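Asker: Below is the structure I would like to discuss, written out as structure tokens.
Just so it is clear, none of the values below were taken in a lab; they were calculated from the coordinates. Computed from a prediction, not measured in an experiment: that's the story for all the values here. Ideal geometry is used to build each Cβ from the backbone, glycine not excepted, and the neighbour counts take in all protein chains shown.
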Amino acid sequence: MKEIVFENVCKAYDKTKVIENLNLTVRPGERLILLGASGCGKSTTLRLIAGLEEITSGSLYMDGRRVNDVDSGERNVSMVFQNYALFPHMTVADNIVYGLKIQKLPQEEIGQRLRSALDILELNGLENRKPKELSGGQRQRVALARAVVKRSDFLLLDEPLSNLDAQLRGHARKELVKIHQMYHQTFIYVTHDQVEAMTVGDRIALMHQGHLQMLDTPHNVYNRPANIYTARFIGSPPANILEAHYADRQIKVGKQAVRLPECWSVQIGKSGCREFCLGVRPEHIRLEQEKTDNAFAGTIKYIEDYGNRCGVYFDLEGNEVAAIAERNDLKPGKTVYFTLDAEKIHIFDKQTTMNIGYPEVYHEQHLYQYQSI
């Protein structure tokens, strides 16, 4: 059972806590993404798994064994670093098989694994080059090949694509998924890039200031955020979060209000909350230029042209609200009206910042069973 389990794990440097009470299970053979902004603790978490950092308190289990005091070399992990960490004096082939030679594997098996890795990562013909003779994308593939040939139970990747341009990153993401589908290693991938997280991961563990914010599938992290931080972090532009009041089936922002279906009254009543924040993603706002029933009104401040669509930013009762629109006839200074899709809004407790949940009528249990932290 090649799972990884954190039980109340803390990591501190002197008095500075980097990871605090982390409880997390990485399932055998899954692709788990550790996502978050710089300084959130995601790389430290990965280094704890690799044995490159000591755990301050708590327990870490790998394959059912407590590994707090187990050396890195005995944990059966492969790691790909952000800076590739290739030996500059070695050829591509020697870089890839160096670890296998240290393990004293038979020469025939080393050759077979090398040929397989060269094929998978399209490095044939580069075997005798030195790292300085390679492009950034090629160096990245050599670093991946070195991890692949080890065929360890756990594959750890620390922002391995951050040095590549956008086009290469897109290609490399597909290669990573293909490699995992071939070997089914337990795969932990650190990134601050939400696109990588959404496209590569089976599940996403979103971190902030050493705390786990949400652990779930990419679909649920986007569509059912556990708290305000998650709603704002995932999505571009991020979700709009507006202070709101609720009474008589109406949700009010400033002096304006719109009606919500009765099912939201039941859900809000069950939550016991008194102060709320309304969350709505820009792509879930419907803009109209003509006044319509049950709509908020705002004044356009500026517009971003994305080519096939526009980002429209407007003022609503002193709040800047972002919306995505396909039409290009909107102009700054104009009044626009927007309506809400009741199935796609999110209501958060203002005090705790946690999601209050969703009406039963909107539940799809096979999609929306999320673990909030």
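Asker: Return the percentage of antiparallel bridges among DSSP beta bridges fully within the range 4-223, rounded to the nearest 5 %.
Answerer: Values: 19 of 37 bridges.
Antiparallel bridges make up about 50 percent of those DSSP assigns within the range 4-223.
Asker: Taking 0.36 nm per intervening residue step and subtracting the Cα-Cα distance, what contour gain separates residue 199 from residue 66 on full extension?
Answerer: Working: separation 133, 0.36 × 133 = 47.88 nm, distance 3.16 nm.
Stretched out fully, the residue 199 to residue 66 stretch lengthens by 44.7 nm.
Asker: Also, quick follow-up: Against the longest principal axis of the chain, how steep is helix 92-102, in degrees 0 to 90 to the nearest 10, with axes from Cα atoms?
Answerer: Approximately 70 degrees, to the nearest 10.
Asker: Determine which lysines satisfy two conditions relative to residue 11: a Cα distance under 24 Å, and not lying fewer than 8 residues away in the same chain.
Answerer: 2, 42
Asker: I need the calculated FRET efficiency for the pair residue 319 and residue 263, taking r as the beta carbon distance and R₀ as 25 Å, to the nearest 0.05.
Answerer: My answer for the efficiency is 0.45.
Asker: Summing -39500 (n - 2.57) over the DSSP H runs of n ≥ 4 in the chain and dividing by its residue number, what mean residue ellipticity at 222 nm do you reach, to the nearest 500 deg cm²/dmol? Mind dumping the intermediate values first?
Answerer: Working: 9 runs with 96 residues, N = 373.
That comes out to -7500 deg cm²/dmol.
Asker: For the range 1-70, which GluC sites (Glu not before Pro) are both in a DSSP coil and crowded by at most 11 other Cβ atoms within 10 Å? Write out the running numbers ahead of the final one.
Answerer: Details: sites: 3, 7, 20, 30, 53, 54; in loops: 3, 30, 53, 54.
For GluC sites (Glu not before Pro) across the range 1-70 that sit outside H, G, I, E and B with at most 11 neighbouring Cβ atoms in 10 Å, the list reads 54.
Asker: Okay, moving on. What's the lysine pair count for the range 238-360 at a Cα cut-off below 24 Å, pairs eight or more apart or interchain?
Answerer: Count of close lysine pairs: 19.
Asker: What percent antiparallel are the DSSP beta bridges of the chain, to the nearest 5?
Answerer: Values: 60 of 78 bridges.
Around 75 percent of the beta bridges assigned by DSSP in the chain are antiparallel ones.
Asker: Among 285, 238, 355, whose Cα lies farthest out toward the positive end of the dipole of the range 238-360, if unit charges sit on the beta carbon of Lys, Arg (+1) and Asp, Glu (-1)?
Answerer: 355
Asker: Counting Lys and Arg as +1 and Asp and Glu as -1, each charge on the Cβ, what is the dipole of the chain about the Cα centre in debye, to the nearest 20?
Answerer: That gives the chain a dipole magnitude of about 480 debye.
Asker: Among 247, 257, 321, flag the residue with its Cα farthest along the positive direction of the charge dipole of the range 238-328, charges on Cβ as +1 for Lys/Arg and -1 for Asp/Glu.
Answerer: 247
Asker: Then there's this: Count charges around residue 46 for me, please; just the other residues with Cβ under 11 Å from its Cβ, Lys/Arg as +1, Asp/Glu as -1.
Answerer: Working: positive: 42, 47; negative: 53, 158, 159.
Surrounding charge for residue 46 is -1.
Asker: If each residue's Cβ is checked for other Cβ atoms within 10 Å, how do 345, 285, 33 rank with the fewest at the top?
Answerer: Working: 345 18, 285 22, 33 27.
Ordered from fewest to most neighbouring Cβ atoms within 10 Å, 345, 285, 33 come out as 345, 285, 33.
Asker: Let's test the formula: R0 of 51 Å, r as the Cβ-Cβ distance of residue 305 and residue 249. What FRET efficiency results, to the nearest 0.05? Let's see the in-between values first.
Answerer: Numbers: r = 38 Å, r/R0 = 0.74.
After rounding to 0.05, the efficiency reads 0.85.
Asker: Follow-up question, since we're still on this one. What's the FRET efficiency of residue 133 with residue 50 using the Cβ-Cβ distance as r and R₀ = 30 Å, to the nearest 0.05? Mind dumping the intermediate values first?
Answerer: Values: r = 29 Å, r/R0 = 0.97.
The formula returns an efficiency of 0.55 here.
Asker: Please give me the summed charge of the neighbours of residue 240: other residues whose Cβ is under 14 Å from its Cβ, Lys and Arg +1, Asp and Glu -1.
Answerer: Details: positive: 232, 281, 286, 301, 344; negative: 243, 283, 315, 317, 320, 341.
That sum, taken over residues with Cβ under 14 Å, equals -1.
Asker: In nanometres, what is the gap between the two model label sites at residue 177 and residue 292, each 7 Å from Cα along Cα-to-Cβ?
Answerer: Simple spin-label model gives 3.4 nm for this pair.
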